[in-house]
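First the structure, in the form of structure tokens, and then the observations on it.
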Amino acid sequence: MDRGRSASEPLGPSSLAWRYFSDGRGMLVGLWAGSTQNMHPGLGAWVEEHSTFFDERWEWLFRSLYPIAGVVYDGSDASRTARAVRDYHLGIKGTDRHGRPYHALDPDTFFWAHATFVMVPVLVCRHFGRALTEEQKERLSAESLQWYRLYGVSDRPAPADWRGFCAYFDRMCAEVLESTSALPPPRVSPSWPAASPEPSGRRAPSPRCTSARVESRGLKVEG
């Protein structure tokens, strides 16, 4: 059922998102996050056709990260920041090279970008600190939905809990992600199962958010 554009309260200093989103260790999995985002067909198409990513990668990254961080940290202004982030994407639409229409504010596309941000602290804590407990992951999942709703985009694709989030992430990786023109195809660890060939002849990796190993331009993480 589409829960629509549910109103949401901003996050506060006691939230896990507040604690971890600004963690500098997140840059260690930044290549993974960006590559995983751009393997979504809609995201890959709009990055290729509407952004300056290829000409100014770092500038583009920080122009994106600071406003998104504001949705977490801006307190009473977070809703306004979120709407501004959403409105940056209003005119980003078109048809990709395979004839598929896309729009940056399509809920399935917009939520996938958000989902990769949710995974960043999970991976950071597991590999560069102390792994989050199941209770903390559940809490982070709930906070991420609260955060996402500030954008005013339909939360129809959003899972209700952490278990649902993992199932969603696995399904997206196995059935939706593909090698797009927004990045070279990532190298997949030999221990990964490969997805069935797509009609185009490309093979998409099939990561699992609880056990997969990803090599994205030389970066390997275990989720």
Residue-span extension gain [residue 49 to residue 90] - 0.36 nm each, minus C-alpha spacing:
13.3 nm
How large a share of the accessible area of the range 18-177, in percent, is made up of carbon and sulfur atoms when the probe is 1.4 Å and the other protein chains stay in place?
53
If each residue of separation counts as 0.36 nm, what is the full-extension length gain between residue 76 and residue 146 once their alpha-carbon separation is subtracted?
23.8 nm
Gained length - residue 174 relative to residue 156, 0.36 nm times residue gap less alpha-carbon distance:
4.5 nm
If R0 is 25 Å, what FRET efficiency do you get for residue 22 and residue 167 from their C-beta distance, rounded to 0.05?
0.30
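The values are calculated or read from the model by the stated rules, or taken from the named source; none is laboratory data. All of these numbers come straight from a predicted model, not from anything done at the bench. A quick note on method: Cβ atoms are made from the backbone with ideal geometry, for glycine too, and the neighbour counts reach across all protein chains shown. Side chains are part of the model used for accessible areas, which takes the heavy atoms of the whole protein and leaves out ligands, DNA and RNA. Shrake-Rupley method; radii C 1.70, N 1.55, O 1.52, S 1.80 Å.
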